[in-house]
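What follows is a short report on a single structure.
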Amino acid sequence: MPTKEELFANRHEHERAIGEVIGADSLAFLSTEGLLEAVDVNLAETSSRCVSCFSGAYPTKLYLK
């Protein structure tokens, strides 16, 4: 898995810069709820789905270097 520094979107401060690099006219991001709804209507209503990688709210304490 890539490090945070290796992730493409992390290296660009604004959506406009990312759009220019990938040649897009516009760029938008979904909310976590919007993502769950786009995948499956029932997922948004199910509290057991883990979205920690999107929200940063992990169920256990993380060990940071």
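What residue, of A24, A17, A57, is at pLDDT 80 or above and not in a loop (DSSP other than H, G, I, E, B)?
That would be A17, the only listed residue that is at pLDDT 80 or above and not in a loop (DSSP other than H, G, I, E, B).
Going residue by residue through region 38-53, is there one that turns out to be at pLDDT 85 or above, surrounded by 10 or more Cβ atoms within 10 Å (Cβ to Cβ), more than 18 Å from the chain's Cα centre (by Cα) and not in a loop (DSSP other than H, G, I, E, B)?
Among the residues of region 38-53, not one is at pLDDT 85 or above, surrounded by 10 or more Cβ atoms within 10 Å (Cβ to Cβ), more than 18 Å from the chain's Cα centre (by Cα) and not in a loop (DSSP other than H, G, I, E, B), which makes the answer no.
The values are calculated or read from the model by the stated rules, or taken from the named source; none is laboratory data. Given the structure is predicted, the values throughout are model-derived calculations rather than measurements. Please note: Cβ atoms are built from the backbone with ideal geometry, for glycine as well, and neighbour counts cover all protein chains shown.
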